[in-house]
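Right, one structure below, let's go through it.
The values are calculated or read from the model by the stated rules, or taken from the named source; none is laboratory data. What you are looking at is a predicted structure, and each value in this text was computed from that prediction instead of being measured. Here the Cβ positions follow ideal geometry from the backbone for every residue, glycine too, while neighbour counts run over all protein chains shown. Heads up: the accessible areas ignore ligands, DNA and RNA and are worked out on the full protein's heavy atoms, side chains in. Shrake-Rupley method; radii C 1.70, N 1.55, O 1.52, S 1.80 Å.
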Amino acid sequence: MTEAGENAGAAETRRVRVVLVDDHRMFRTGVQAEIGETDRTGVEVVGEAADVDQAVTVITATRPEVVLLDVHLPGGGGVEVLRRCAPLMAAAVNPVRFLALSVSDAAEDVIGVIRGGARGYVTKTITGTDLVDSVFRVQDGDAVFSPRLAGFVLDAFASTDAPPVDEDLDRLTQREREVLRLIARGYAYKEIAKQLFISVKTVESHVSAVLRKLQLSNRHELTRWATARRLV
């Protein structure tokens, strides 16, 4: 067999064991369908979880090579999963590596999980082919980011100054912040519902909560508020 043939054979037999962590079952099902055909992709999905406690239990039990981790989860979010799985990430043999996969492209979310120990961060707009490639790169120890997100990390780690605390923003839950950003970008309620895998009624409830907490009257004021804080 030629060297090229040997390399092709090695690529074909390569495998990676993955756990999916996301609180939306439909999204997990979609990712499983997109990347989980092991004979085609080399990815074997060995477990799923919908919240922090489930994630820690499944990851500890299966010891995957890579975890695809949503940032916003019931029970404390992706950062809490990373904190509780720190010994697995630090293992000398077969460490568990994390790749954040989220709808959010906010700098604070990216920086938070990278500081927590994730090897990379990609958004849910990524294609199945690119996601498979990212999983294998993380397995190899590479850092992987969606194109514009790497700049957030470089800026954050280059700066020695702690970011100022925004008391108004701190009043909002993670989900409310997601809805806020999408509203500020001009998304309609139906588009936000589709993007976040929630109902239109839930979007309306989040918008009402954001307006009340920030003491704003309408989405136009909300957009100006978000733009002034460079959240868009």
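Counting only alpha carbon atoms, the long axis of helix 219-228 and the longest principal axis of the chain meet at about 70°. Relative to the longest principal axis of the Cα atoms of the chain, the long axis of helix 25-35 makes an angle of roughly 40 degrees.
For the range 1-152, the normalised intensity computed at q = 0.11, 0.13, 0.14, 0.21 Å⁻¹ comes to -0.39, -0.54, -0.62, -1.39 (log10 of I(q)/I(0), Debye sum over alpha carbons, equal scatterers, no solvent).
With a 1.4 Å probe and all protein chains left in place, how much accessible area per residue does the chain have, in Å²?
Ligands and nucleic acids excluded, the result is 53 Å² per residue.
Projecting the Cα atoms of Val132, Val45, Phe197 onto the charge dipole of the chain, computed from C-beta unit charges around the Cα centre, puts Phe197 farthest toward the positive end. Bridgeable lysines around Lys213 (alpha carbons under 23 Å apart, same-chain partners fewer than 8 residues away excluded): Lys190, Lys201.
Just the protein heavy atoms count here, and of the accessible area of the chain at 1.4 Å, carbon and sulfur take up 51 percent. Taking a sphere under 14 Å around the Cβ of Arg97 and counting the other residues whose Cβ falls inside, with K and R at +1 and D and E at -1, yields a net charge of +1.
The calculated 222 nm mean residue ellipticity attributable to helices in the chain amounts to -15500 deg cm²/dmol, summing -39500 (n - 2.57) over DSSP H runs of n ≥ 4 and dividing by all residues.
For the range 8-68, the list of GluC sites (Glu not before Pro) that fall in a loop by DSSP and count at most 16 other C-beta atoms within 10 angstrom reads Glu37.
Would you kindly state the longest site-free stretch of the chain, with sites defined as trypsin sites (Lys or Arg not before Pro) in a DSSP loop (not H, G, I, E, B) surrounded by at most 16 other Cβ atoms within 10 Å? So the longest stretch without any such site is 16-147.
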